[in-house]
Amino acid sequence: MGGTSIISRKHGDDRDIELKRRARDAQRDFSAIRDEHLTKWHVDPSQLRVYTWGRRLWTTKYYVNIITHLRGNARMPSATRTGPKNSREQPAGNSARDHLNNKLFFRLFQAANIYETQAVRVLNFSAVTGATLGALYRDPKGMLFSELYTYLGVSRQNLDAVLKGLEKKGLVERVEAEDDRRKRMVSLTPAGIEAWRDLHERSLEFFRQGTNGVSAAEITGCFETLSRIARGLRAIEPD
């Protein structure tokens, strides 16, 4: 009996060591993948909420709970890595909000570039060209050059290059403003109006495909969020 007890304790000690090792491995994996989406059995441990999976298993203090889980189960689901295996750690001092902001603006950058690439490939118009035609179509009298680049959120130089290209195609014209000859009004020509109507019809299907699987409520929420971000960016002043 005594020998059996010693062997059992030894096996129990070995199991505890193995459980702790696996828990440390799991903790390392969670730290490595940060707040990326995990498998359906995992959550982001950096979040400050308590997650439930059958029992109170996943919390921000998940280390002890992992051991508890391993004691009662044959195996521990492994975390799914979604990024490079040898990714660098984030600089010290970055908060969870900083990390989210970084990911958000990268997604904005990425989506804008995909939009631009696909617009040229599918619609044969760049995104800024289409937006320029659409903005000018809103007012038959046209818009002041300064109002147009402010409305579109582009630089003067960028808009000037776009307008020169449209002028060569006979789609827009720039004339002196009636009240101030120093200012220029930009408006669509009859050919520009037809070009916009054709582009608009084709853009509707393009946008339908781009938002396939996204609900109207999600689109509304995204629109409002992007508007708030745009206002915040406009308010930033250089140091």
Self-check item: Probe 1.4 Å, accessible area per residue of the range 131-239, Å²
Solution: 71
Quiz prompt | Portion, in percent, of the accessible area of the range 185-224 that falls on carbon or sulfur, probe 1.4 Å | solution = 61
Quiz item: By how many nm would the segment from Glu116 to Glu147 grow when fully extended, if each residue of separation counts as 0.36 nm and the alpha-carbon distance is taken off?
Solution: 8.9 nm
Quiz item: How large is ³J(HN,Hα), in whole Hz, for each residue of the range 103-115 in order, when computed from phi with the Karplus curve 6.51 cos²θ - 1.76 cosθ + 1.60 and θ = phi - 60°, using x for Gly and Pro?
Solution: 5, 4, 5, 5, 5, 4, 4, 5, 5, 5, 5, 5, 4
Quiz prompt | Placed amide H near Val172: partners under 5 Å, 5+ positions off or other chain | solution = Glu167, Thr189
Quiz item: Can you give the FRET efficiency for Glu224 and Lys169, using 1/(1 + (r/R0)^6), R0 = 45 Å, r = Cβ-Cβ distance, to the nearest 0.05?
Solution: 0.80
Quiz item: Over the range 169-222, what number does the Rg to Rh ratio reach, with both radii from the alpha-carbon atoms and Rh per Kirkwood?
Solution: 1.25
Practice problem: Name the shape class, rounded, prolate or oblate, that the alpha-carbon gyration tensor gives for the range 96-239, where a ≥ b ≥ c are the square roots of its eigenvalues, rounded holds for a/c under 1.5, and otherwise prolate holds if a/b is larger than b/c and oblate otherwise. | Solution: oblate
Quiz item: What's the extension gain from Lys183 to Gln209 if we count 0.36 nm per residue and subtract their Cα-Cα distance?
Solution: 5.4 nm
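The values are calculated or read from the model by the stated rules, or taken from the named source; none is laboratory data. Keep in mind it's a predicted model, so treat the numbers as computed, not measured. All Cβ positions, even for glycine, are placed from backbone atoms using ideal geometry, and neighbour counts span all protein chains on display. For accessibility, only protein heavy atoms count, side chains too; no ligands or nucleic acids. Shrake-Rupley method; radii C 1.70, N 1.55, O 1.52, S 1.80 Å.
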